[in-house]
Structures are given as C-alpha cells and as structure tokens.
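Below is one structure, written out as structure tokens; the observations come after it.
The values are calculated or read from the model by the stated rules, or taken from the named source; none is laboratory data. These numbers come from a predicted model, not from an experiment. Here Cβ is always computed from backbone atoms with ideal geometry, including for glycine, and neighbour counts include all displayed protein chains.
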Amino acid sequence: MECRIRKKESPEPNILNQASPFPDEVLERVLGMVKSRKDRSSVSLVCKEWYNAERWSRRSVFIGNCYSVSPEILTRRFPNIRSVTLKGKPRFSDFNLVPANWGADIRSWLVVFADKYPLLEELRLKRMTVSDESLEFLALSFPYFKALSLLSCDGFSTDGLAAIATSCKNLTELDIQENGIDDKSGNWLSCFPESFTSLEVLNFANLPNDVNSDALEKLVSRCKSLKTLKVNRSVTLEQLQRLLVRAPQLCELGSGSFSEDDLTAQQYSEIESAFNNCKNLHTLSGLWDPAEQYLPLLYPACTNLTFFNLSYAPLDGDDLAKLLVHCPNLRRLWVVDTVEDKGLEAVGSHCPLLEELRVFPADPFEDEAIGHGVTESGFVALSRGCPRLHYVLYFCRQMTNAAVATVVQNCPDFTHFRLCIMNPGQPDYLTHEPMDEAFGAVVKTCSKLQRLAVSGLLTDLTFEYIGKYAKNLETLSVAFAGSSDWGMECVLRGCPKLRKLEIRDCPFGNAALLSGLERYESMRSLWMSDCKLTMNGCRLLAKEMPRLNVEVIKEEGCYEGPAQRVYVYRSVAGPRRDAPSFVLAHCGPHNARGSGKGSTTWSIVCTMQPYLVCYMRGYFQNL
Amino acid sequence: MEGKVAYENDLNNLKATELRLGLPGTEESEKKTNKRPLNETSEGSNAQQVESGSAPPSKAKIVGWPPIRSYRKKEVEAAGVYVKVSMDGAPYLRKIDLRIYGGYSELLKAVENMFKLTIGEYSEKEGYKGSEFAPTYEDKDGDWMLVGDVPWEMFVTSCKRLRIMKGSEARGLGCGV
C-alpha cells in the first residue's frame with residue numbers, strides 16, 4: 001500500500017473543526033502495527049476515523065463463539081481479513097454433554113469468506129463441525145491459503161485432508177489435533193504434489209491409522225523449512241530415525257510409538273545420533289508405548305527442551321526422574337499419573353523453571369485406583385521445587401485443604417488452577433471436611449488467577465470466597481458442588497471479569513440464573529447442565545435480556561418442566577437459524593426459534609452506526 | 001444422544017419394572033455397572049483395594065466425568081494387553097502391558113522390580129522354588145494357573161490377570177495340582 005505523506009501544515013485557527021492531521025493511509029499503516037486484540041478494540045473507539053482505519057487495517061480476527069456474530073456482520077465490518085480463528089461448541093461438548101449435530105458448522109462461514117475474503121490465508125477452528133466437502137471447498141476457494149488448524153473438530157475424514165494436500169499449493173501449516181476424524185487410511189499424505197515444499201508445521205498425531213511412511217519421508221525431505229513434525233502412533237522408531245535425519249532443523253517433534261521389538265545395536269546408535277543432531281528441539285511429544293530401555297535415546301534432545309508432553313507415555317516415577325535430570329530448562333510438562341508422587345518429587349527436584357504442569361489419569365474410569373496415581377503429597381513436593389508454577393491441571397483421587405494451602409503459598413502466581421478430584425463430592429480425605437478452604441486459599445493467595453476449576457465436596461462457602469477474592473477470574477468450571485443458589489449468586493456478583501462460566505450437576509436454580517441478568521452480556525457464555533433450572537426460568541431470562549441467546553437442549557416437543565442443559569450467550573447475530581430440533585432457542589419477547597419478528601429488531605441494531613460501535617466494542621474486546 | 005446422567009434414584013425406580021429371570025419373589029444379587037471386579041472374585045481377603053480415603057461411593061456411571069476428552073480416553077484404552085497385577089498383602093494393584101515383554105523371564109523380572117521381591121526359579125514339576133512367592137494368573141476359563149506352564153504366546157492371549165501368591169498357597173499350587 002503506497003504511503004503518500006502529506007506535509008503537515010501550520011495548525012488551523014479552529015482546531016475543533018480540523019480533520020485528522022494524518023491521511024488515512026498513514027493512520028492505517030500505523031494502526032496496522034497494533035497487534036493485540038484489546039488494543040485494537042480500544043483504538044476503534046477513539047473516533048470515527050480511527051474506527052475506520054482500524055477496521056481496514058485489521059488482518060486477523062478471533063471469534064470465541066461462532067454464534068455471537070454472523071459471517072455477514074463480520075465481513076461487513078472487517079473487509080481485509082487474512083486470518084480467522086473460530087470456536088464453536090461449548091467446552092463441555094468435549095465430555096459428551098452436547099449431542100451430535102448441535103451446530104457450529106464451518107460451511108456457512110466459508111461460503112461468505114470465499115466471496116469476501118478471497119485472500120484468506122489462515123483458518124484456526126476449535127470445536128467446529130467440518131465436513132470433507134467444506135475442506136474441499138476451502139482448498140479450492142482460497143489460492144493463497146497457508147495455515148489450517150483443526151482442534152477438537154469433527155465431521156471430516158482423511159478424504160478432506162487429501163483435498164487440502166492436493167490443492168493448497170502454498171500450505172505452510174497443517175495442524176490436525178484431537179479430532180473426531182474418520183481415518184480411512186488411504187494416501188492423503190501422498191496427495192501433496194512433488195513440487196510442494198512449503199510446509200513448516202505438520203501435526204497428525206491423533207490420527208488413528210497408518211500413514212504412508214514412504215510419502216511422509218519424501219514430504220519431510222523436500223520441505224526444508226519444516227519446524228514442527230508430530231506423527232501418529234503408527235510411525236515406528238525406525239521410521240522416526242529416517243525422518244529425523246531428513247529434518248535435523250526441527251524445533252518441535254512428536255514421535256510415534258517409542259517401543260520396538262529388538263532394535264539392533266546399529267539401529268539404536270543410528271537413532272541416538274539422529275536425536276543428537278536435532279539441536280533445535282524445544283518441544284517433544286508422542287512417545288506412545290515407551291519402552292524403558294529406549295528412553296535414553298531422548299537424553300541428548302532434552303537439554304533445550306522447554307515443553308515435554310508425556311501425556312501419552314505412562315512412565316513410572318523412576319523413569320521420569322531419569323529423564324528429567326536431562327531437562328533443566330523445562331517450562332511445561334504433561335505427564336500421566338503413573339509417575340505417582342515420586343515422579344512429582346523428581347519434577348520438583350530437577351525442573352526449577354517449571355511454569356506449567358498437567359497430570360492426566362491413566363485410569364480415569366476405574367472405580368478403584370490401579371496404582372496410587374498422584375496425591376496431595378506429590379502436589380506439595382512439586383510446589384516446593386517449582387516456585388514459578390502458574391498453570392496446573394491435576395487429576396487425583398485424594399486431596400486435603402492443607403496441602404492446597406501449602407501449594408499456593410509456595411506458588412502464589414497461579415493464573416490457571418484446575419484441580420480435579422475424580423470422585424464427585426469427595427471431602428478432604430484426612431479431616432473429612434469440605435474442600436472449601438482449599439479453594440479459599442487459592443483465590444485469596446493467587447491474585448492473578450484467571451482460570452479456576454473446582455472439585456471435591458464444596459459448599460456455598462467456596463463460592464463466597466471466589467466472589468470475594470477472585471477479582472481477575474475469567475473462566476470458572478464447577479461440577480457437583482455448592483449448596484444453594486447463593487453460591488452461584490456470589491460468583492456472578494463478585495467476579496467482574498468473568499467471561500465463561502460452566503456448571504454441571506449443581507443445585508443452582510432459576511433464582512441464581514436470573515441473579516446474573518446484568519452480567520451475561522459482558523460474558524462470552526454460560527453453560528448449566530443438570531442443575532435446577534426450568535423452562536420458565538429460561539424464558540424469563542430471554543424475555544428480560546433480548547440480546548442474549550438462551551438455548552435449551554432438550555427432547556423434542558418438551559417445552560415445559562426442567563431445563564436439563566442450558567447454554568446462554570450474547571450475540572449480535574440474533575438467534576441462530578441452524579438450531580437443530582433438540583435445541584430450543586428462546587429469544588426476545590417471543591418464544592420463537594429464531595425467524596420472524598426477532599430479526600427485524602436485529603437489523604435496526606445493525607444499521608445504527610454508533611450503537612454498532614459500542615456494541616461491537618464490548619463484543620470484540622471480551623470474547 | 002444416549003447416556004443420560006443416571007442417578008441412583010433413577011436406577012432404583014427402574015428396578016421395579018425390570019424384567020428378570022427367576023421365581024417370583026426372589027431377588028437377584030445386585031451387580032452394579034461400575035464394578036469392583038476383583039472384590040467379587042478374589043480369593044480370601046488378599047487383594048485389598050484401598051479406596052483413597054473417602055467412603056466408597058457406589059455411583060452409577062456419570063456421563064462426561066471425569067472430564068477427560070474422548071481422544072485421550074481412546075489412547076488409554078487402545079492397544080496393549082493390559083492386565084492387573086496384584087500381590088498378596090500389597091494394598092495397591094498394578095497394571096502392566098503384557099505385549100511389551102518378550103517372554104516369561106522379562107515379565108517376571110519386571111514383576112520383581114515392581115513389587116520389590118524375588119520369585120525364584122521355575123521348574124515344571126515343582127513350580128517356583130527359592131522364594132515364598134509364586135506368580136499365578138487367571139486364564140480365560142477362570143482357572144488359576146502357574147505362570148510359565150503354557151507357551152508364552154498362549155499365555156499372553158489367555159491371561160486375564162496376574163496374582164503373586166504368597167506362602168503356603170503358593171507352594172500348594174506348585175505341586176502338581
């Protein structure tokens with residue numbers, strides 16, 4: 001874009017009438033350098049010129065709830081977008097609480113983008129439904145397309161990936177994570193043409209079936225800029241070696257299976273040397289079925305490691321300790337609870353720079369503990385050695401209030417504290433008291449807390465504490481907790497920055513729901529399932545707050561009685577038009593499912609420019 | 001979608017209308033869906049499962065709990081021949097993947113490391129000599145056998161669980177039973 005700088009003249013006598021001293025191009029160029037979403041939102045509020053310059057210069061947009069805005073509204077405001085991030089279903093859909101065919105289909109977005117954003121380069125989707133047809137449409141509609149990231153999406157198969165590989169000539173990133181993908185095996189990897197060399201990121205770690213290893217090897221060979229390679233379990237150690245020698249420049253590696261029957265001494269040393277030559281590795285993952293005797297192969301790669309994802313590798317504490325000795329620079333560590341408390345002690349001893357720890361359960365669905373798993377003592381030992389810890393996800397079968405209090409004393413900088421005591425409603429196992437004081441300690445001590453997930457036996461007191469102290473809290477997850485409406489009311493009243501509230505199986509009812517009337521428009525969403533809400537309560541909420549979408553997931557035709565699963569979110573797009581029959585959408589003063597008078601109200605809102613600015617500001621800032 | 005949250009109350013209500021085989025007035029022994037299999041079938045009081053502290057909940061299966069994503073669940077369940085290993089007198093079970101061992105000697109070495117004990121030498125006639133422990137397993141037919149009696153491959157496919165027996169019971173099993 002050319003930049004014609006007009007010489008600044010001496011100031012006019014009447015400054016109030018003066019137009020902006022900068023030509024639009026300059027303003028756009030300058031504002032184009034503002035990257036942060038929040039800053040951009042602030043910029044857009046300064047005045048009309050800045051609002052326009054901002055919208056023309058914005059290249060990337062993040063939409064935390066795909067139903068909060070429509071593709072038409074989006075493209076109308078931002079004409080020049082190159083990168084879109086979209087999140088769809090509510091998070092509890094990860095745990096089967098949202099029926100299939102609920103929505104969040106990318107298709108309607110792609111159709112509009114093909115028209116309005118032909119230069120689109122990046123698409124990052126989370127919890128969206130993506131069909132093979134959509135992937136093919138994407139591949140054919142955007143000639144400059146570079147980066148596709150699908151996280152927790154569903155609806156597509158390897159045929160869709162083949163379409164991407166075939167037609168996206170400039171692809172730099174293909175990141176397919178944790179999806180409900182129909183793996184038809186086949187040869188999607190071979191669909192990358194021989195002339196294709198631009199790939200920098202390739203992640204197919206969660207694909208269940210074999211890939212064509214020959215095609216993979218050739219692809220890795222010719223993509224000299226490849227920085228991230230995460231293969232799936234089907235790739236053997238031997239195959240991995242061949243990949244590594246072709247890509248020693250890798251920064252992030254996800255191995256396949258890490259066991260092999262009888263590696264020869266020669267093979268062992270070849271793999272060893274391949275790892276040795278990868279001097280730039282900072283992230284390691286994969287490592288399925290890890291055989292103890294092969295773990296030393298990793299040692300040379302561990303020195304510069306900042307992120308070690310061992311969540312597929314059920315090691316015991318000793319093996320973990322041996323590995324961690326070589327990982328002094330670790331910032332993030334994910335493990336399986338087979339490492340037990342001993343393993344966590346080793347973490348505390350060897351990883352002083354650790355900032356994030358996630359401990360996943362090996363046997364989450366077993367009643368009895370197979371092995372110990374991790375307990376409160378591992379948690380405490382870890383906190384002693386890792387004072388910089390600010391992110392924890394901890395699955396355990398026993399915990400005490402005292403231990404949690406000690407942990408946060410040692411690590412007061414928690415921003416994300418997610419504790420899952422796996423038995424619902426379980427008290428402090430030593431004192432048999434509720435776990436209220438544990439979470440009280442967390443919110444009192446950790447003033448920077450942004451995200452909290454609570455568990456165990458909890459009364460309303462926990463929520464009183466949260467409402468009183470957690471002033472920076474943005475996301476709260478609650479399950480099987482609380483005693484009465486009061487608990488939820490405390491949170492809604494007391495946490496000004498709350499954006500996402502997800503609740504299941506708690507005794508919170510209509511009074512609690514309605515106490516948050518004033519809050520929901522400044523939040524992204526509220527989810528409540530198996531609480532004590534009724535259809536009447538939902539109707540009331542919808543009536544009072546016409547700019548919220550209040551959706552109830554129910555059996556068809558059941559318009560009365562309990563509202564088992566409720567999803568409330570703000571939207572400038574009005575009620576969604578693609579709601580399936582099991583989603584009852586309340587909106588405005590009508591109980592209609594979305595068409596008719598409701599839409600007239602919305603078009604009035606959208607054409608009123610200043611109103612749009614204020615509303616969109618709130619929307620884009622707080623998504 | 002299938003899989004509603006089913007609280008205990010709902011289960012009890014359903015029970016009254018359930019169709020069952022049996023004479024009128026007889027009660028079938030309750031088998032909860034969330035099982036404690038070892039409690040039901042273990043001999044004597046050996047395999048003690050210690051619930052971590054709290055009163056053991058007899059909960060019905062809860063949808064979406066614990067909050068583990070389904071792809072992770074698949075990883076946990078996938079591949080491998082996982083069998084539970086219990087040792088008489090030890091409070092906790094272990095779980096091992098039989099497929100990662102090449103044969104009996106590797107398996108037994110691993111078990112020895114796991115439980116910090118020695119198992120002794122195997123002989124066809126006399127079972128395990130040299131220690132008070134003997135490794136046994138339950139096969140597909142529900143019979144308790146001495147580890148090592150059948151070829152390895154057959155063992156891997158037929159072994160349902162392992163139990164390290166202690167003391168006289170172990171010796172008893174070794175002697176040509």
Q) In the list A:A470, A:A481, A:A453, which residue meets the criterion of being closer than 20 Å to A:T400 by Cβ and surrounded by 21 or more Cβ atoms within 10 Å (Cβ to Cβ)? A) A:A481
Q. Do we have any residue at all in the stretch A:286-294 that's crowded, with 21+ Cβ neighbours inside 10 Å and not hydrophobic (A, V, I, L, M, F, W, C)?
A. yes
Q: Select from the stretch A:517-546 the residues that are part of a loop (DSSP other than H, G, I, E, B), touching a helix residue (DSSP H, G or I) at 6+ places or on another chain (Cβ under 7 Å) and closer than 15 Å to A:A563 by Cβ and list them in ascending order.
A: A:L533
Q: Tell me which residues, restricted to the stretch B:79-112, are assigned to a helix (DSSP H, G or I), within 12 Å of chain A (Cβ to nearest Cβ) and at pLDDT 85 or above.
A: B:E106, B:K109, B:A110
(Q) Just to be sure I understand, how many residues within the stretch A:398-452 are of a type in the set (A, V, I, L, M), part of a loop (DSSP other than H, G, I, E, B) and touching a strand residue (DSSP E or B) at 6+ places or on another chain (Cβ under 9 Å)? (A) 4
Q | Residues satisfying the stated conditions in the stretch A:165-178, i.e. surrounded by fewer than 22 Cβ atoms within 10 Å (Cβ to Cβ), in contact with a strand residue (DSSP E or B) (Cβ under 8 Å, 6 or more places away or on another chain) and either within 14 Å of chain B (Cβ to nearest Cβ) or part of a helix (DSSP H, G or I) (or both) | A | A:Q177, A:E178
Q) Which one is nearest to the chain's Cα centre (by Cα) among residues in the stretch A:192-216 that are buried (at least 16 other Cβ atoms within 10 Å of the Cβ) and farther than 14 Å from A:G256 by Cα? A) A:V201
Q | Check on B:A134, over 24 Å from A:E292 (Cβ atoms) and of a type in the set (G, A, S) | A | yes
Q. Taking only pairs six or more apart or across chains, which ones have beta-carbon atoms under 6 Å, a first residue in the stretch A:69-83 that is among the charged types (D, E, K, R), and a second residue that is buried (at least 17 other Cβ atoms within 10 Å of the Cβ) and at pLDDT 95 or above?
A. A:R82/A:E121
Q. Identify, please: which residue in the stretch A:341-361 is surrounded by fewer than 20 Cβ atoms within 10 Å (Cβ to Cβ) and within 14 Å of chain B (Cβ to nearest Cβ) and is, among those, modelled with the lowest pLDDT?
A. A:K342
Q) Of the residues that make up the stretch A:291-314, is at least one modelled with pLDDT under 95 and part of a strand (DSSP E or B)? A) no
Q | Meets criteria (polar (S, T, N, Q), part of a helix (DSSP H, G or I) and buried (at least 16 other Cβ atoms within 10 Å of the Cβ)) for A:Q266 | A | no
Q. What about A:L419, is it away from chain B (no Cβ under 12 Å) and within 27 Å of A:D318 (Cβ to Cβ)?
A. no
Q) Can you name every residue in the stretch B:146-177 that is under 19 Å from B:L93 (Cβ atoms), at pLDDT 80 or above and part of a strand (DSSP E or B)? A) B:C159, B:R161, B:L162, B:R163, B:I164, B:M165, B:K166
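When only residues in the stretch A:137-158 that are more than 23 Å from A:K89 (Cβ to Cβ) and in a helix (DSSP H, G or I) count, which is nearest to the chain's Cα centre (by Cα)?
A:A139
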Q) Hey, any hits in the stretch A:128-136 for a residue that's outside any loop (DSSP other than H, G, I, E, B), closer than 17 Å to A:S83 by Cα, in contact with a helix residue (DSSP H, G or I) (Cβ under 6 Å, 6 or more places away or on another chain) and of a type outside the set (G, A, S)? A) yes
Q: Only one of these is farther than 29 Å from B:I62 by Cβ and hydroxyl-bearing (S, T, Y): A:S377, A:S349, A:S311. Name it.
A: A:S349
Q: Within the stretch A:288-309, count every residue that is over 13 Å from A:L320 (Cα atoms), within 14 Å of chain B (Cβ to nearest Cβ) and among the hydrophobic types (A, V, I, L, M, F, W, C).
A: 1
Q) Before we move on, is A:A114 surrounded by fewer than 17 Cβ atoms within 10 Å (Cβ to Cβ) and out of contact with any His (no Cβ under 6 Å at 6 or more places or on another chain)? A) yes
Q | Residue satisfying all of: in the stretch A:245-269; of a type in the set (A, V, I, L, M) and farther than 11 Å from A:E217 by Cβ; nearest to the other protein chains (Cβ to nearest Cβ) among these | A | A:L263
Q | Residues of the stretch A:497-522 classified as within 14 Å of another protein chain (Cβ to nearest Cβ) and either surrounded by fewer than 22 Cβ atoms within 10 Å (Cβ to Cβ) or touching a residue at least 60 places away in the same chain (Cβ under 8 Å) (or both), total | A | 4
Q.
Can you report the number of residues in the stretch A:378-416 which are more than 14 Å from chain B (Cβ to nearest Cβ) and small (G, A, S)?
A. 4
Q | Among residues of the stretch B:145-168, those that are over 17 Å from B:L98 (Cα atoms) and exposed (fewer than 15 other Cβ atoms within 10 Å of the Cβ), counted | A | 2
Q.
Residues that are assigned to a loop (DSSP other than H, G, I, E, B), away from every other protein chain (no Cβ under 14 Å) and surrounded by fewer than 22 Cβ atoms within 10 Å (Cβ to Cβ): does the stretch A:231-244 have at least one?
A. no
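I need the full set of residues from the stretch A:428-439 which are at the interface with chain B (Cβ under 9 Å from one of its Cβ atoms) and touching a helix residue (DSSP H, G or I) at 6+ places or on another chain (Cβ under 9 Å), in order please.
A:D428, A:Y429, A:L430
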Q: Return a yes/no flag: does the stretch A:154-162 have any residue that is without any contact (Cβ under 8 Å) to a residue 60 or more places away in the chain, within 14 Å of chain B (Cβ to nearest Cβ), more than 23 Å from A:E252 (Cα to Cα) and out of contact with any Leu (no Cβ under 6 Å at 6 or more places or on another chain).
A: yes
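Would you say A:P580 is within 14 Å of chain B (Cβ to nearest Cβ) and without any contact (Cβ under 8 Å) to a residue 40 or more places away in the chain? First the steps, then the outcome.
Details: within 14 Å of chain B (Cβ to nearest Cβ): yes; without any contact (Cβ under 8 Å) to a residue 40 or more places away in the chain: no.
So A:P580 does not fit the description; no.
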Q. Name the helices (runs of 4 or more DSSP H) wholly within the stretch A:315-393 that hold at least 3 residues that are under 27 Å from the mean Cα position of the chain (by Cα) and within 21 Å of A:A453 (Cβ to Cβ)?
A. A:376-385
